[in-house]
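Read-outs: derived from the displayed coordinates by stated rules, not from any lab. Please read all numbers here as calculations on a predicted model, not as lab measurements. Positions of Cβ are backbone-derived with ideal geometry, glycine not excepted, and every protein chain shown enters the neighbour counts.
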Amino acid sequence: MTISLLDSEITVRGEFDVAAAAGFMTGFAPFGLPEAEPGVLRLAFPLEGEWTPVGAVLRQRSPGEVAIEVRAPASQAEAVVAQVERMCSLDIDGSGFRGAGERDPVVSMLQDLHPGLRPVLFASPYEAACWAVLSHRIWMSQAVRLRRGLTERYGAEVEVAGLRLPSFPPPAALAKLEYLPGAPGQKLHRLRAVAQAAADGLLDAATLRSMPPDEALKQVQLLPGIGRFGAELVLIRGAGHPDVFPLAETRLHEFMRQAYHVPDAGVAELAEIAAAWAPFRSWVSFLFRVEGEARLRESR
């Protein structure tokens, strides 16, 4: 049985634009969501902890309110709303985010170029960790095909506002994974390990967020095949930690060198620059990534 919470509202603290989030999701290769109607974001994902496929629709009613329609059993509705809030970074009070731009004109420019855009996350650290495994040392297009094949074989579809959207497979399905066309055995082994860790609660978003970042990163790196880059992806884009500067993301570092005109700056110097972004270092890094990728596409 499904329910529709058409009148449920999420209070937005700070700037947020549903249309900007939907636009990002449409162009984000791992998901490749269909073009949404303006101001509407449709999501389908496994509910963290229970791992049943659920869905949600977000519509912006006013700058400070977002309406959410949930497609899930009634007993899961509250948990779905909470997970959607995290996925859209709405669980964070963003009223101080503009302050980072007031301290740094480069950040101010990024905020003006992408008004209301907050980090849009993977549905869970589990999904982020799976993506880290799938995308490791292969082309993005190959990783996207692997993820699509994995979802088609072992996932489910959820009807969300008239569309059937794919929901990523639950850990129980991947824990026994034996075959995926195009995926070497090593990736299958690593996916099984990630799935088992998620089933055991070792990739719980709230737990990872509550830990000191360095400790959380070390814990995630205990998983086979996940190094510093993948661990940062899990903590920042999976658990939604708002204030971690990625030390292993070389593309971000190059975008920063160009923006700040410091072509020879090392990671330590870039981290010093990013210190002024606190407590939103993850958010500013996300805007750098979005703008940098957009400029790369324009130059091709």
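GluC sites (Glu not before Pro), restricted to the stretch 177-256: which are DSSP loop and have at most 12 other Cβ atoms within 10 Å? Filter output for the stretch 177-256: Glu178. Modelled spin-label separation between Ala172 and Glu159, with each label point placed 7 Å from Cα along the Cα-to-Cβ direction: 2.3 nm.
If the stretch 88-247 were replaced by its equivalent ellipsoid, with semi-axes equal to the square roots of 5 times the Cα gyration tensor eigenvalues, what would those be, largest first, whole Å? The three semi-axes for the stretch 88-247 are 30, 19, 15 Å.
Remark: the chain is approximated by an ellipsoid whose semi-axes, taken from the C-alpha gyration tensor as √(5λ), come to 28, 25, 18 Å, largest first. Trypsin sites (Lys or Arg not before Pro) within the stretch 88-172: which are DSSP loop residues with at most 11 other Cβ atoms inside 10 Å? Passing sites in the stretch 88-172 are Arg137. Annotation for the stretch 122-208: chymotrypsin sites (Phe, Trp or Tyr not before Pro) lying in DSSP loop with at most 10 further Cβ atoms inside 10 Å of their Cβ are Trp139, Tyr179. Cβ crowding within 10 Å ranks Ser108, Ser124 as Ser108, Ser124, fewest other Cβ atoms first.
In this label model, Ala276 and Ala74 are separated by 5.4 nm, measuring between points 7 Å along each Cα→Cβ vector. Report summary: the helix-based calculation at 222 nm, which adds -39500 (n - 2.57) for every DSSP H run with n ≥ 4 and divides by the residues of the chain, gives -13500 deg cm²/dmol.
Multiplying the residue separation of Ser299 and Ser141 by 0.36 nm and subtracting their alpha-carbon distance yields 55.0 nm.
When Rg and the Kirkwood Rh are both derived from Cα coordinates, the Rg/Rh ratio for the stretch 212-300 amounts to 0.98. Dividing the alpha-carbon radius of gyration of the stretch 33-122 by the rule-of-thumb value 2.2 N^0.38 Å gives 1.25. One chain, two ends: Tyr260 and Glu102. Fully extended at 0.36 nm per residue, the span grows by 55.3 nm beyond their Cα-Cα distance.
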